[in-house]
Amino acid sequence: VQLQASGGGLVQPGGSLRLSCVASGSIYSINFMGWYRQAPGKQRELVAGIVSDGGSTNYADSVKGRFTISRDNAKGTVYLQMNSLKPEDTAIYYCNFVTGRLLISYWGQGTEVTVSS
């Protein structure tokens, strides 16, 4: 199973991007889908997460009201809509799926987001 993240790029402050992450291969019992980011010199942090069962979400305080996570369980895909982007959102964004009773974690390769004028 591989996760393929896409949608990153260069955007001006105030702009928007939509990230996508799709699983290739057979993946079952996805419990959690999340987006993390890592800026240069900083630790990786959870940006947004969504539980597959019920769809409850959580967000980092820094992105609340600007980012929206959504998922398509049937397609094994998670999205991150990012609006009102700020320079401090610049980072490599990684998707993460946690599956099954053993909570096996899969990571995407990362997609780079740069917010700059």
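If the only charges are +1 at each Lys and Arg Cβ and -1 at each Asp and Glu Cβ, what is the size of the charge dipole of region 1-73 around the Cα centre, to the nearest 20 debye?
Numbers: 7 positive and 4 negative charges, 47 e Å.
So the dipole magnitude of region 1-73 works out to roughly 220 debye.
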TODO: Determine which lysines satisfy two conditions relative to residue 64: a Cα distance under 22 Å, and not lying fewer than 8 residues away in the same chain.
DONE: 42, 86
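Just the C-alpha atoms of the chain: what Rg/Rh do they give, with Rh taken as the Kirkwood radius? Display every interim value, and only then the final one.
Values: Rg = 13.6 Å, Rh = 14.1 Å.
Radius of gyration over Kirkwood radius for the chain works out to 0.96.
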- [ ] Rank these by accessible area, largest first, 1.4 Å probe: 28, 106, 93.
- [x] 28, 106, 93
- [ ] Starting from the residue with the highest accessible area, list 72, 61 in decreasing order, probe 1.4 Å.
- [x] 61, 72
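Given Cα positions, please report Rg to Rh for region 52-117, the hydrodynamic radius being the Kirkwood one. Intermediate values should be presented prior to the final figure.
Details: Rg = 13.5 Å, Rh = 13.6 Å.
Reported Rg/Rh (Cα atoms, Kirkwood Rh): 0.99.
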TODO: Compute, for residue 32, the solvent-accessible surface of its heavy atoms (probe 1.4 Å) with the complete set of protein chains present, and express it in square angstrom to the nearest 10.
DONE: 40 Å²
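The values are calculated or read from the model by the stated rules, or taken from the named source; none is laboratory data. All values derive from a computational prediction rather than experimental measurement. Because the Cβ atoms are built from the backbone with ideal geometry, glycine has one as well, and the counts that use them run over all protein chains shown. Note: areas computed on protein heavy atoms with side chains; ligands, DNA, RNA excluded. Shrake-Rupley method; radii C 1.70, N 1.55, O 1.52, S 1.80 Å.
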